[in-house]
1. Give Ala83, Ala92, Ala103, Ala41 a once-over and let me know the one that is surrounded by 15 or more Cβ atoms within 10 Å (Cβ to Cβ), touching a Lys or Arg at 6+ places or on another chain (Cβ under 6 Å) and not charged (D, E, K, R).
2. Looking at region 8-35 only, could you name the residues that are closer than 16 Å to Ile113 by Cβ and without any contact (Cβ under 8 Å) to a residue 24 or more places away in the chain?
3. Filter region 36-86 down to residues that are among the small types (Gly, Ala, Ser) and over 12 Å from the mean Cα position of the chain (by Cα) and give me whichever is farthest from Pro117 (Cα to Cα).
4. Between Asp99, Asp104, which is of a type in the set (Asp, Glu), over 22 Å from Leu18 (Cβ atoms) and touching a Phe, Trp or Tyr at 6+ places or on another chain (Cβ under 7 Å)?
5. Which strands (runs of 3 or more DSSP E) does region 40-123 wholly contain that include 1 or more residues that are more than 22 Å from Asp14 (Cβ to Cβ)?
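Bear in mind that the values in this text are calculations on the coordinates, not laboratory data. These numbers come from a predicted model, not from an experiment. Every residue, glycine among them, receives a Cβ derived from its backbone with ideal geometry; neighbour counts consider all protein chains shown.
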Amino acid sequence: MIGRLHHLVIDCPDPDRLAAFYASLLGQRITYRSPDFVVVAPAEDTSGLAFQLAPDHQPPDWPDPRRPQQMHLDVMVDDLEDADAAVLALGARRLPAGDHVYADPAGHPFCLIPRPPWAPALE
């Protein structure tokens, strides 16, 4: 195991509004909020759904491939450098979006993030 799922991150034009929708839908609460990123989870020390500001957001028009799905996974890891090497060895490729941002073999983006203090160590 290289990492553990932290959040499914969903692009949207209004993170607060979409987080409020999913918090009500799922009976969960908003556990983190910044101007461009909001998390909905069962508790502050659990993973959940994250809503990320995308100012020029064009909603998906599934299954039309011209307007595809707009989500990515955050994967928590204990050591970013070790995890970087491991995902590349599995067939991921680095994306120019920033440090620790990759595409899986089918092109779906994901990010490696340091394990939050509340999460148990990976085994």
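1. Sole residue among the options that is surrounded by 15 or more Cβ atoms within 10 Å (Cβ to Cβ), touching a Lys or Arg at 6+ places or on another chain (Cβ under 6 Å) and not charged (D, E, K, R): Ala103.
2. Answer for region 8-35, where residues must be closer than 16 Å to Ile113 by Cβ and without any contact (Cβ under 8 Å) to a residue 24 or more places away in the chain: Thr31, Tyr32, Ser34.
3. Ala54
4. Asp104
5. Those strands (runs of 3 or more DSSP E) span 71-77, 101-103, 109-114.
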